[in-house]
1. Which of (1) open to solvent by 40 Å² or more (accessible area, probe 1.4 Å); (2) closer than 22 Å to PHE120 by Cα; (3) modelled with pLDDT under 50 does THR11 not meet, given it meets every other one?
2. Among the candidates GLY207, GLY252, GLY257, GLY269, single out the residue that is under 22 Å from GLY139 (Cα atoms) and of a type in the set (Gly, Ala, Ser).
3. For HIS348, which of the numbered conditions (1) of a type outside the set (Ser, Thr, Tyr); (2) within 16 Å of the chain's Cα centre (by Cα); (3) open to solvent by less than 10 Å² (accessible area, probe 1.4 Å) fails to hold?
4. Out of curiosity, is THR304 touching a residue at least 24 places away in the same chain (Cβ under 8 Å), under 29 Å from VAL50 (Cβ atoms), out of contact with any helix residue (DSSP H, G or I) (no Cβ under 7 Å at 6 or more places or on another chain) and among the β-branched types (Val, Ile, Thr)?
5. For residues that are free of Cβ contacts under 8 Å to residues at least 60 places away in the same chain and not in a loop (DSSP other than H, G, I, E, B), scanning just region 282-299, find the one that is nearest to SER322 (Cα to Cα).
6. What are the residues in region 264-280 that are touching a residue at least 40 places away in the same chain (Cβ under 8 Å) and open to solvent by 50 Å² or more (accessible area, probe 1.4 Å), if any?
7. Across region 305-359, what is the total count of residues that are assigned to a strand (DSSP E or B), touching a strand residue (DSSP E or B) at 6+ places or on another chain (Cβ under 6 Å) and not hydroxyl-bearing (Ser, Thr, Tyr)?
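The values are calculated or read from the model by the stated rules, or taken from the named source; none is laboratory data. For clarity, every value in this text was computed on a predicted model and none was experimentally measured. With ideal geometry, Cβ positions are generated from the backbone for all residues, glycine too; neighbour counts draw on all protein chains shown. SASA here: full protein model, heavy atoms, side chains in, ligands and nucleic acids out. Shrake-Rupley method; radii C 1.70, N 1.55, O 1.52, S 1.80 Å.
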Amino acid sequence: MSKSIAVSTNTVENPPSFMAKKARVMVLGASGYSGCELLRILHNHAYFDVVAAFSSESSKPQLWREIAASAAGSSDLLIQPWSQNSYGLAASCDAVFLALPHEVSATIAAQLLPLGCKVFDLSGAYRFKDPEQFGETYGFAHPHPELLGDAQYALMELANLDSQGQLFAIPGCYPTAATLALQPACESALLAPASVPTITAISGVSGAGRGANPRTSFCEVSVQAYGVLSHRHSPEIVNNLGTPVVFTPLLGPYKRGILATCVAQLRKGISADQVHQVYQARYQDHPFIRLVQQPPAIDHVAGTPFCHLYIAVQGQNLVVISAIDNLLKGAASQAIQAANHVFGFPRHAGFSGFIREES
């Protein structure tokens with residue numbers, strides 16, 4: 001039987017003595033699902049102070065608690081429409097989090113960087129180094145290709161971020177689930193040379209965003225594949241793993257969470273013990289990754305910043321099942337992990353209110 005336990009943290013209630021004040025941050029795209037999750041973590045973060053939150057230019061001012069009552073509690077934070085005048089406030093901030101459409105982030109990030117703040121972008125605008133690959137994947141020419149080489153890809157368990165950098169690209173939700181599942185096997189040469197990993201991943205409807213859409217309406221959704229052999233996260237997964245894959249995403253009739261079943265073929269002579277040893281060694285110093293003894297369920301990770309990985313080996317067949325919350329580990333909490341690292345804060349800072357399932 002499982003039981004819920006509080007996340008073990010070293011986070012203190014107040015900023016450390018070496019900080020005269022909290023780091024000032026802004027959130028753009030704050031009215032969306034990922035934006036509200038960013039605000040929820042930052043609101044309870046001992047080291048960050050949210051000085052402003054914005055939605056689109058065409059929106060009306062709205063209290064955060066009117067959009068996400070359970071996350072906001074009694075907060076009086078007002079989510080305001082973004083305007084060109086808002087850049088002045090951004091210049092006084094240490095960091096800005098972008099939970100915006102790709103096209104919008106690509107432009108706004110470039111305008112924020114000269115102001116001196118660090119930018120954590122949750123969109124796909126800066127996940128690729130190659131402008132041509134970006135255009136092929138997202139369907140438009142990048143307005144600032146000169147910045148693609150400067151952006152650091154922040155899949156935190158596999159990244160080695162330079163804290164002196166300014167622009168940090170937060171990975172997609174599907175690539176996070178798939179890469180965490182397969183990267184240890186790929187980088188350790190466990191897979192047969194001809195192996196092409198097959199990734200089948202199902203996501204809750206929140207991955208489609210808050211905007212009304214009959215195709216992703218909870219009442220209309222049935223389990224169905226989409227983007228077969230053409231999903232824009234496929235190139236990101238291939239870049240991460242350094243090998244071709246067959247990726248099939250599915251949409252499921254539930255709110256949040258991704259379950260990815262990843263299948264590959266091992267080299268001859270590789271044992272189950274060797275595979276488990278590789279994964280244990282790779283993730284032993286990463287507290288947000290849990291290697292579990294039973295296939296994980298969405299409910300085990302929904303509402304948490306954790307990734308659960310289950311490994312099974314039969315002959316040369318390797319199956320790794322990955323479970324994450326698409327809005328947290330696949331977006332907001334990974335952005336906070338990156339920010340904690342970049343600013344030198346404890347890894348668990350901001351996450352003390354989360355719970356996880358303990359097997």
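1. Single failed check for THR11: (1).
2. The match here is GLY207.
3. (3)
4. Spelling it out, THR304 is indeed touching a residue at least 24 places away in the same chain (Cβ under 8 Å), under 29 Å from VAL50 (Cβ atoms), out of contact with any helix residue (DSSP H, G or I) (no Cβ under 7 Å at 6 or more places or on another chain) and among the β-branched types (Val, Ile, Thr).
5. The residue in question is LEU291.
6. GLN265, ARG267, LYS268, GLN274
7. 13
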